[in-house]
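Each remark here refers to the structure printed beneath this line.
The values are calculated or read from the model by the stated rules, or taken from the named source; none is laboratory data. From a predicted model like this one, the values you see are computed outputs, not experimental measurements. No Cβ is skipped: glycine too gets one built from the backbone with ideal geometry, and neighbour counts run over all protein chains shown. Ligands, DNA and RNA are excluded from the accessible area calculation, which covers all protein heavy atoms including side chains. Shrake-Rupley method; radii C 1.70, N 1.55, O 1.52, S 1.80 Å.
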Amino acid sequence: MSTVTASAAREHRVTTRSLTARKRRGERITMLTAYDFTFARIFDTAGIDVLLVGDSLGNVVQGCDTTLPVTMDEVVYHTRLVSRGAARALVVADMPFGSYQVSPEDALRNAIRFVKEAGAAAVKLEGGVRMIETIERIVAAEIPVMGHVGLTPQAVNRMGGFRVQGRGEKGRLQVLDDARAVQEAGAFAVVLEGIPAQLAKEVSAELSIPTIGIGAGVSCDGQVLVMHDLLGLNDWSPSFAKQYANLGAVVSTAVRTFADEVVNQKFPDEQHSYS
Ligand code: KIV
């Protein structure tokens, strides 16, 4: 790539700054999870702004019930694949459970791995008030941090399940405090997951950083979905996740047809054979 082309490509890159500007202009932000090169390239070409290498890979790639078993090495590996497919989108690596709770120093060491070994432009971590020091430490090392408050899946054992958060006055104040804390600590954006739409509206109006909603109503500054939910690749999806395609059925039909043609010696035909 020539210098001119390389710098032109850089100008088109989505950055943490351009996302803040988008919020100021009232333009919505799109974010999707991605776990490999192929889908990252499709989403990037389609104009999705942010590709999150979510620890949801524990559920949709590895088949676990929770995200808790996901390791640093696994997210580093998937982030490297996604980074190769992202020419324009901002790539955010999700810090897995255990990679940032021990100490801010440990969190920083792990965040650096995502930038150095995997090409991430930012990291995401769950938690609000309790994570102030950790977010500050990572941001001080020039690594942008995306917060995540409300329903935080890594806290499934404390929450007693994947429950909507922020209901009632106490819950509302907790989510507001957490979102404010994340912004104060220096995060460039925050995911609001599984909270009432009215509360997400309130948080989004108050914060100057963009809010990205999942199960948090239409008033967030952007929206994120897990790609398997959007594309219909799962047997089950949460009620807030809209399915825009049924790729599971498309894939099933394709492989059944393939198997049928193999059994009946219709594949490969002449067109797909060398003479
Ligand atoms: O891991 C993930 O996919 C996430 C999104 C649901 C926000 O954290």
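Write out, first by first residue and then by second, each pair whose Cβ atoms fall under 7 Å of each other, whose residues are 6+ apart or on separate chains, and whose first residue, in the range 194-218, is outside the structural domain of MET146 (by TED's automatic domain parsing) while the second is within 13 Å of the ligand (Cβ to nearest atom).
Short answer, once both residue conditions are applied: none.
Considering each of SER219, SER208, SER252, SER204 in turn, give the residue that is open to solvent by 70 Å² or more (accessible area, probe 1.4 Å), of a type in the set (Ser, Thr, Tyr) and at pLDDT 95 or above.
Among SER219, SER208, SER252, SER204, only SER208 is open to solvent by 70 Å² or more (accessible area, probe 1.4 Å), of a type in the set (Ser, Thr, Tyr) and at pLDDT 95 or above.
Please work out if ALA40 is more than 15 Å from HIS228 (Cα to Cα) and more than 12 Å from the ligand (Cβ to nearest atom).
Considered against the rule, which asks whether it is more than 15 Å from HIS228 (Cα to Cα) and more than 12 Å from the ligand (Cβ to nearest atom), ALA40 comes out as no.
Are any residues in the range 49-97 open to solvent by 30 Å² or more (accessible area, probe 1.4 Å) and part of a loop (DSSP other than H, G, I, E, B), and if so, which ones?
Once the filter is applied, which keeps residues that are open to solvent by 30 Å² or more (accessible area, probe 1.4 Å) and part of a loop (DSSP other than H, G, I, E, B), the range 49-97 yields VAL61, GLN62, GLY63, CYS64, ASP65, THR66, LEU68, PRO69, THR71, ALA87, ARG88, PHE97.
Six or more apart or on different chains, Cβ atoms under 9 Å: show the pairs whose first residue is in the range 50-71 and more than 12 Å from the ligand (Cβ to nearest atom) and of a type in the set (A, V, I, L, M) and whose second is assigned to a strand (DSSP E or B) and open to solvent by 60 Å² or more (accessible area, probe 1.4 Å).
Filtered contacts from the range 50-71: no entries.
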